[in-house]
């Protein structure tokens with residue numbers, strides 16, 4: 001089944017449409033936030049001379065950040081509109097640059113990945129749990145890490161029954177015709193933003209969290225687009241941190257940095273270091 005057929009059948013969300021809208025919001029401040037995020041999580045000041053793989057590049061923001069930090073970047077995504085977004089950012093900031101390649105491909109295509117070689121940094125933020133085969137996808141990207149290379153991933157936190165309920169919401173949303181999806185979005189919006197909005201009002205700072213959202217989220221999304229992305233996001237898989245630890249420990253990785261979502265909704269971020277050759 002093709003990408004378009006998966007979307008039409010309700011099995012996959014059109015992430016690229018969301019990212020295309022995001023490009024109109026992109027500014028220097030958001031790019032610098034992305035650079036700061038990479039510096040912090042990878043514990044580096046520069047990526048000069050390093051090969052950086054962005055597996056599931058989405059908007060291309062973090063590919064751009066890595067290139068500005070000096071890396072040779074290879075970006076790919078399964079969603080054609082996401083590929084177009086990444087290509088647009090390259091055109092805007094690094095036109096004709098041979099050290100930034102943008103391609104359309106699947107993280108589940110082992111034959112394709114095998115031709116890419118290994119990378120000093122393999123980056124896949126919020127992507128692998130949307131493939132429909134998360135553990136295979138994780139194994140595939142892990143194999144692309146060079147010796148002493150870093151693997152930076154973000155995976156949805158397993159909240160047990162809450163995650164199961166959200167899966168049902170996502171399935172219902174994608175199964176509906178587009179004009180009928182608004183009620184689901186609005187109910188989810190109230191659930192996700194209602195408590196925070198009420199707290200802001202009680203503190204005498206109405207909509208403060210909303211207005212400061214992009215400053216605190218290095219991914220760069222605005223709050224409404226994040227709600228759409230969350231509600232629509234299929235396929236959808238989750239994992240407990242210890243499952244990720246065990247899986248990668250068995251493949252000669254050790255954890256060097258971790259940022260959790262404190263057991264709540266969202267992604268846990270991991271940076272692992274490869275101990276042996278990735279091929």
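Listed conditions (1) free of Cβ contacts under 8 Å to residues at least 40 places away in the same chain; (2) surrounded by 16 or more Cβ atoms within 10 Å (Cβ to Cβ) are all met by residue 160, apart from (2).
Answer with yes or no whether residue 269 is in the same structural domain as residue 142 (by TED's automatic domain parsing) and part of a helix (DSSP H, G or I). No: the conditions fail for residue 269.
Among the residues of the range 243-263, none qualifies, meaning not one is surrounded by 17 or more Cβ atoms within 10 Å (Cβ to Cβ), closer than 23 Å to residue 134 by Cβ and not assigned by TED's automatic domain parsing to the domain that holds residue 110.
From the list 175, 188, which one is outside the structural domain of residue 245 (by TED's automatic domain parsing) and surrounded by 15 or more Cβ atoms within 10 Å (Cβ to Cβ)?
Selected residue: 188, the only one of 175, 188 that is outside the structural domain of residue 245 (by TED's automatic domain parsing) and surrounded by 15 or more Cβ atoms within 10 Å (Cβ to Cβ).
Criterion applied to 96, 117 was being at positive phi, in contact (Cβ under 8 Å) with a residue 12 or more places away in the chain and surrounded by fewer than 23 Cβ atoms within 10 Å (Cβ to Cβ), and the one residue passing it is 117.
The values are calculated or read from the model by the stated rules, or taken from the named source; none is laboratory data. Keep in mind that what you see is a predicted model, and the values were worked out from it rather than measured. Every residue, glycine among them, receives a Cβ derived from its backbone with ideal geometry; neighbour counts consider all protein chains shown.
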